[in-house]
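A quick write-up on the structure given underneath.
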């Protein structure tokens, strides 16, 4: 369907966008926080205990931090090294989408599925704002692919690899990995009626491999928590790390217990999906509805041209997570491979059955999405953060000319749908990674103050804070956490630096402190963008300031 040259050219451009994003400073809070947690492991040579600042951490398990720490060991402690495991996991996820779609359908659908997955907006974003979801998603779809391969081929290699992937995913974020893998595999078994694959000695091998894979994580939890019932975590003592990861973790998320409630909106993930799967959203929604109708009309009778894994998995998982009282957009990342395979199969079916009217309509939709991306990109480059260098204009014009060429090129509609959709993702995320994020991060005081610290040779072991505000970016770039203190404690100290906001600065002044040097940087919660910030004429109204003052 698509030439090998064009396919790999598009893949290379997507990877280039990923690589460019590697070199931006880390985002607060989660990315920088997790990077600091992994940094502590390396600096203290302690790979057993998880700490969030000075507090013991019982939430997400160890694998993401171990992988980041390993990357630090190889490449040094820096932001691009922190992002490497996530990008590699995303590439594994893309290859697994290819493998699963090829197994369920054919090679062409596999190639499309990988491309769709890699260009979905939330997946591209997850490679710059790296949390645990990149590793989770990559190994979850890898596990699903290998376990389906076992069901179809009855090979011990596939079930062992599937169990290993499930173990890594579980060791990254806990029960959600097993929930998604289990639901998808059960949907496939139910549709293909191959339940006998569960009654096989190879399943015991899988359980053994899974157990061995998660054993290091369980042992670390045992050492940190189970051996110390006196530790109080979120107001409770006698906390078992092993019991937590097997039972309590997801229930705390669903109920909001321990983490609080941030959304009771049962449609949160629906309207979130409208942007996280761009530029493929409309195609995915139509694909889902079309495939669901096929199953309903056939009363779910097995047909070797279809698979129920994606539709069934999406439906059940979407329903379950919608009842969670604590919701964040990136919780949907783990479902993106399923949407990618489903959307790719739908596109291929339109091509195969020559449904030109439908394809023509969808091409119009993708033109519309591309136009929105074009307008957004122009606004970012010429209004939100104006270009400052002449070559920026040249690069943008060349990119727009290339996209215009593909818009006007005479070729099959389905090919134009694929190419233009990928171009939409490349244009938007190219602008974001090369221009928007670097300018946006100038308003993240933690990373900008860290530059001042380095430029002025300020000793990092003499930097204090007098509030409980998080300082993850400053901690990471200083390669040393800011020392928590209080006004009373620093009263007897001399020749120190104190990191404060406007309120803290006023507290210092009222308490009689004096300083001879001060560095001030603009501060905004960059992961919670709002219109007033994006508008240069109102930006100052929503900015705060952070200060680093020298108490002599």
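The values are calculated or read from the model by the stated rules, or taken from the named source; none is laboratory data. Note that the coordinates shown come from a computational prediction; the quantities given were computed from them, not determined experimentally. A quick note on method: Cβ atoms are made from the backbone with ideal geometry, for glycine too, and the neighbour counts reach across all protein chains shown.
Among the residues of the range 228-281, those that are under 30 Å from residue 420 (Cα atoms) and at pLDDT 90 or above comprise 272, 273, 274, 275, 276, 277, 278, 279, 280, 281.
Quick grid of which residues meet (1) surrounded by fewer than 23 Cβ atoms within 10 Å (Cβ to Cβ); (2) free of Cβ contacts under 8 Å to residues at least 24 places away in the same chain; (3) over 30 Å from residue 9 (Cβ atoms):
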site	(1), (2), (3)
114	no, no, no
119	no, no, no
149	yes, no, no
156	yes, no, yes
166	no, no, yes
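The numbered conditions (1) closer than 25 Å to residue 321 by Cα; (2) modelled with pLDDT of 95 or more are all true for residue 190 except (2).
Only one of these is part of a loop (DSSP other than H, G, I, E, B) and touching a residue at least 40 places away in the same chain (Cβ under 8 Å): 135, 203, 130. Name it. Walk me through it before giving the result.
Numbers: 135 fails: part of a loop (DSSP other than H, G, I, E, B); 203 fails: part of a loop (DSSP other than H, G, I, E, B).
Checking each option against the conditions leaves just 130.
Results for (1) within 21 Å of residue 136 (Cα to Cα); (2) part of a helix (DSSP H, G or I); (3) outside the structural domain of residue 113 (by TED's automatic domain parsing), shown as yes or no for each residue.
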{"residue": "290", "(1), (2), (3)": "no, yes, no"}
{"residue": "294", "(1), (2), (3)": "no, yes, no"}
{"residue": "301", "(1), (2), (3)": "no, no, no"}
{"residue": "305", "(1), (2), (3)": "no, no, no"}
{"residue": "316", "(1), (2), (3)": "yes, yes, no"}
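The set of residues in the range 53-77 being farther than 28 Å from residue 244 by Cα and free of Cβ contacts under 8 Å to residues at least 40 places away in the same chain consists of 72, 73, 74, 75, 76.
Just so you know, in the range 78-87 the residues that are surrounded by fewer than 21 Cβ atoms within 10 Å (Cβ to Cβ) and in contact (Cβ under 8 Å) with a residue 24 or more places away in the chain include one that is farthest from the chain's Cα centre (by Cα), and it is 80. Of the residues screened, residue 448 is not one that is without any contact (Cβ under 8 Å) to a residue 12 or more places away in the chain, touching a helix residue (DSSP H, G or I) at 6+ places or on another chain (Cβ under 9 Å) and either outside the structural domain of residue 125 (by TED's automatic domain parsing) or farther than 29 Å from residue 385 by Cβ (or both).
Contact map, the range 221-242: first residue at positive phi, second residue in a loop (DSSP other than H, G, I, E, B) and surrounded by fewer than 17 Cβ atoms within 10 Å (Cβ to Cβ), Cβ cut-off under 9 Å, separation 6 or more or different chains; pairs are 234/257; 234/259; 238/229; 238/230; 238/231.
I want to confirm something. Restricting to the range 486-535 and keeping residues that are part of a loop (DSSP other than H, G, I, E, B) and in contact with a helix residue (DSSP H, G or I) (Cβ under 6 Å, 6 or more places away or on another chain), which single residue is modelled with the highest pLDDT?
Keep residues of the range 486-535 that are part of a loop (DSSP other than H, G, I, E, B), which gives 486, 491-495, 511-514, 524-530, 535.
With in contact with a helix residue (DSSP H, G or I) (Cβ under 6 Å, 6 or more places away or on another chain) added as a condition, the list becomes 511, 524, 526.
Details: 511: 90, 524: 94, 526: 90.
Top of the filtered list is 524.
Looking at the structure I just gave you, is residue 48 surrounded by fewer than 16 Cβ atoms within 10 Å (Cβ to Cβ), out of contact with any strand residue (DSSP E or B) (no Cβ under 9 Å at 6 or more places or on another chain) and either at pLDDT 95 or above or outside the structural domain of residue 173 (by TED's automatic domain parsing) (or both)? Before the answer, list the steps.
Working: surrounded by fewer than 16 Cβ atoms within 10 Å (Cβ to Cβ): yes; out of contact with any strand residue (DSSP E or B) (no Cβ under 9 Å at 6 or more places or on another chain): yes; either at pLDDT 95 or above or outside the structural domain of residue 173 (by TED's automatic domain parsing) (or both): yes.
Spelling it out, residue 48 is indeed surrounded by fewer than 16 Cβ atoms within 10 Å (Cβ to Cβ), out of contact with any strand residue (DSSP E or B) (no Cβ under 9 Å at 6 or more places or on another chain) and either at pLDDT 95 or above or outside the structural domain of residue 173 (by TED's automatic domain parsing) (or both).
Of all residues in the range 516-532, those satisfying the criterion of being over 18 Å from residue 29 (Cα atoms) and either surrounded by 17 or more Cβ atoms within 10 Å (Cβ to Cβ) or without any contact (Cβ under 8 Å) to a residue 12 or more places away in the chain (or both) are 519, 531, 532.
Has the range 408-419 got at least one residue that is at pLDDT below 95, within 19 Å of residue 16 (Cα to Cα) and under 30 Å from the mean Cα position of the chain (by Cα)? Before the answer, list the steps.
The initial filter retains those residues of the range 408-419 that are at pLDDT below 95, namely 408-419.
Remaining after also requiring within 19 Å of residue 16 (Cα to Cα): 418-419.
Checking which are under 30 Å from the mean Cα position of the chain (by Cα) leaves us with 418-419.
Among the residues of the range 408-419, at least one is at pLDDT below 95, within 19 Å of residue 16 (Cα to Cα) and under 30 Å from the mean Cα position of the chain (by Cα), which makes the answer yes.
Taking the range 34-82 as the range and being in contact with a helix residue (DSSP H, G or I) (Cβ under 9 Å, 6 or more places away or on another chain) and on the phi > 0 side of the Ramachandran plot as the test, only 53 passes.
Counting only helices (runs of 4 or more DSSP H) that sit completely within the range 334-453, those holding 2 or more residues that are more than 25 Å from residue 529 (Cβ to Cβ) correspond to 336-352, 356-379, 390-408, 413-431.
From the list 422, 394, 431, which residue is surrounded by fewer than 13 Cβ atoms within 10 Å (Cβ to Cβ) and closer than 28 Å to residue 8 by Cβ?
None of the other options fit; the residue is 394.
Filtering the range 345-364 to residues that are within 27 Å of the chain's Cα centre (by Cα) and within 20 Å of residue 410 (Cβ to Cβ) leaves only 347.
Within the range 1-24, restricting attention to residues that are assigned to a loop (DSSP other than H, G, I, E, B) and more than 16 Å from the chain's Cα centre (by Cα), which residue is nearest to residue 124 (Cα to Cα)? Break it down into steps so the answer makes sense when it comes.
Step one: of the range 1-24, the residues assigned to a loop (DSSP other than H, G, I, E, B) are 1-3, 22-24.
This time we only want the ones that are more than 16 Å from the chain's Cα centre (by Cα), so: 1-3, 23.
Working: 1: 25, 2: 22, 3: 24, 23: 14 Å.
By that ranking, first place goes to 23.
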